[in-house]
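A quick write-up on the structure given underneath.
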Amino acid sequence: MKSSLLFNFSVDKENKTINIQREFNANLELVWKAWTEPELLNQWWAPKPYHIETKTLDLEIGGMWLYAMVSPKNEKTWCKADYKEIETNKLLSWLDAFCDENGNENTIKPRSLWANFFTEKNDITLVDITLKHDKLEDIETLIEMGFKEGFGMALLNLDQLLLTKNKKQ
């Protein structure tokens with residue numbers, strides 16, 4: 001088990017992208033499941049004290065993951081991921097958006113095109129994430145909304161979930 005896991009977060013203003021590289025102490029199949037199965041996603045995707053509730057998840061190209069981020073006061077912020085590319089255990093890509101509970105997009109807030117690449121070496125899985133944006137202002141808005149901190153906290157939740165799942169195997 002590796003004690004110091006990679007976590008890189010960088011912004012490329014010229015190409016309007018955010019890149020995150022994150023290692024996990026778990027095999028590729030388990031990490032993939034954590035990113036694609038609603039019962040696992042619900043346990044880690046939101047930074048505490050928030051949590052998410054998946055309404056639907058249709059894991060296929062053209063499918064959608066529709067979920068609510070739920071505050072401690074039970075206030076729901078709806079989000080969706082429209083799946084663009086899926087290669088099991090290798091690539092998961094989606095276009096995200098804030099939306100209503102029926103998946104109707106909020107066109108005011110920025111959207112990100114996520115490309116998540118999964119690789120494994122010696123039972124350590126690397127997820128290399130690129131978020132592409134139409135405008136630099138979209139990245140600035142995400143950063144101001146606390147994306148780096150919030151997503152970093154969610155990834156720590158994933159570490160804990162993977163640790164629990166690894167012990168059960």
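Any read-out appearing in this document is the output of simple, stated calculations on the displayed coordinates, not a laboratory observation. As the structure is a computational prediction, the values presented were derived from the model and not from experiment. Here the Cβ is made from the backbone with ideal geometry for all residues, glycine too, and neighbour counts use every protein chain on show.
In order along the stretch 83-95, the Karplus-derived 3J(HN,Hα) couplings, from 6.51 cos²θ - 1.76 cosθ + 1.60 at θ = phi - 60°, round to 5, 10, 9, 9, 10, 3, 6, 10, 9, 9, 10, 8, 9 Hz, and Gly and Pro are given as x. Straight-line reach from residue 73: taking Cα to Cα under 30 Å and skipping same-chain neighbours fewer than 8 places apart, the lysines in range are 33, 48, 55, 109, 148, 165.
Peptide packing: for 86-94, 141-149, the average count of neighbouring Cβ atoms within 10 Å per residue gives the ranking 86-94, 141-149, highest mean first.
Ordering 11-23, 41-53 by mean Cβ neighbour count within 10 Å, with the highest value first, yields 41-53, 11-23.
Scalar couplings 3J(HN,Hα) for the stretch 5-18, obtained by applying the Karplus form with A = 6.51, B = -1.76, C = 1.60 to θ = phi - 60°, are 8, 4, 8, 10, 9, 9, 10, 10, 5, 4, 9, 6, 10, 10 Hz; x denotes Gly and Pro.
Backbone amide hydrogens, once placed in the peptide plane, bring residue 46 within less than 5 Å of 52, excluding anything fewer than 5 places away on its chain. Taking θ as phi - 60° and the Karplus parameters 6.51, -1.76 and 1.60, the scalar couplings of the stretch 28-45 work out to 4, 4, 5, 5, 4, 4, 5, 8, 10, 10, x, 5, 8, 3, 4, 8, 9, 4 Hz in sequence order, x denoting glycine and proline. Among 64-72, 115-123, the peptide with the highest mean count of other Cβ atoms within 10 Å heads the list, and the full ranking is 64-72, 115-123. With a/c under 1.5 counting as rounded, go ahead and sort the stretch 119-169 into rounded, prolate or oblate using the C-alpha gyration tensor (a ≥ b ≥ c being the square roots of the eigenvalues; past the cut-off, prolate if a/b is larger than b/c, else oblate). Because a/c hits 1.5 or more and a/b fails to exceed b/c, the stretch 119-169 counts as oblate.
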